[in-house]
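See below for the structure under consideration.
The values are calculated or read from the model by the stated rules, or taken from the named source; none is laboratory data. Everything numeric here is computed off the predicted structure, so don't read it as measured data. Cβ atoms come from the backbone with ideal geometry, glycine included; neighbour counts cover every protein chain shown. These area figures cover heavy atoms from the full protein model, side chains too; ligands, DNA and RNA do not enter into them. Shrake-Rupley method; radii C 1.70, N 1.55, O 1.52, S 1.80 Å.
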Amino acid sequence: MPAHAAAPVRYRRVQFGTMIAVGTALGVALSTWMLVAVVSSATLAAVPWLGYALYGVLALAFLLFGQLAVTVDEHRIRAVFGVGLVRKVVEVRDVRSAAIVRTRLWWGYGVHWTPAGWLYNVGGRWALRLDLAAERPVMIGTRDPEGLLAAIEAALAARDGTAGAGPAADGRETSGAKRQPCPTDVVR
């Protein structure tokens, strides 16, 4: 395949961040209450842009992290938040293994470091953990862990030149992906 041609997409799923939307709505309600009931009229007269700044920060956060689009093709695994400024791209050739994991409730949403690796998540507690050759592990949150794992297994099988992913006749995995326990939680 020529370098400029796009690889066929094996998997694409867009997840809406319901909890992020709820948090944004609560932030708007709290900001409105503060502007009406707490902040004095003298302060609002001195800083007339305060309300716009509060609502602008909330709107920007929602635009940046309100949804997560996950795409898998033969060469790359992409996790793109919101309008696309925040993203993670992993080359399939760098993936050593993949496993379904359940994230901790307090790890929350967005992009941040956890004890089990970098987490990219907008909702739910299921994620796919990718152990990489040259980087720390990456976890991509998903409401479809089996579908995402199957797509990554297919991409790994294509990389390795095997006909299919999944268990071989003797029970061994034929691709680099495994359903293995994450160091921090139980795999479904």
In the range 1-52, residue modelled with the lowest pLDDT [restricted to those that are assigned to a strand (DSSP E or B) and open to solvent by less than 40 Å² (accessible area, probe 1.4 Å)]: Tyr11
Cβ pairs under 6 Å, 6+ apart or interchain, first in the range 135-151 and within 19 Å of Phe81 (Cβ to Cβ), second part of a helix (DSSP H, G or I), ordered by first then second residue, are Thr142/Leu148
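Any chance you could count how many residues in the range 109-130 are assigned to a loop (DSSP other than H, G, I, E, B) and open to solvent by less than 50 Å² (accessible area, probe 1.4 Å)?
The first filter runs over the range 109-130 and keeps only residues assigned to a loop (DSSP other than H, G, I, E, B), leaving 109, 115-116, 122-125.
Now restrict to residues that are open to solvent by less than 50 Å² (accessible area, probe 1.4 Å): 116, 122-124.
Selection size over the range 109-130: 4.
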Tell me which residues, restricted to the range 89-108, are open to solvent by 50 Å² or more (accessible area, probe 1.4 Å) and either aliphatic (A, V, I, L, M) or in contact with an Asp or Glu (Cβ under 9 Å, 6 or more places away or on another chain) (or both). Val89, Asp94, Arg96, Arg102, Arg104, Leu105
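So which of Asp160, Asp144 is open to solvent by 50 Å² or more (accessible area, probe 1.4 Å) and among the acidic types (Asp, Glu)?
Numbers: Asp144 fails: open to solvent by 50 Å² or more (accessible area, probe 1.4 Å).
Just a single option satisfies the conditions, and that option is Asp160.
Evaluate the range 77-84: report whether one residue or more is over 19 Å from Arg143 (Cβ atoms), over 19 Å from the mean Cα position of the chain (by Cα) and open to solvent by 80 Å² or more (accessible area, probe 1.4 Å). Outline the logic, then answer.
Restricting attention to the range 77-84, the residues satisfying the condition of being over 19 Å from Arg143 (Cβ atoms) are 83-84.
Adding the requirement that they be over 19 Å from the mean Cα position of the chain (by Cα) leaves none.
Scanning the range 77-84 turns up no residue that is over 19 Å from Arg143 (Cβ atoms), over 19 Å from the mean Cα position of the chain (by Cα) and open to solvent by 80 Å² or more (accessible area, probe 1.4 Å).
Considering only residues of the range 53-69 that are assigned to a helix (DSSP H, G or I) and under 14 Å from the mean Cα position of the chain (by Cα), which is farthest from Tyr109 (Cα to Cα)?
Leu64
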Here are the criteria: (1) under 18 Å from the mean Cα position of the chain (by Cα); (2) part of a helix (DSSP H, G or I); (3) surrounded by 17 or more Cβ atoms within 10 Å (Cβ to Cβ). Tell me which single one Val72 does not satisfy. (2)
What is the number of the single condition among (1) under 15 Å from the mean Cα position of the chain (by Cα); (2) at pLDDT below 90 that Ala99 does not meet? (2)
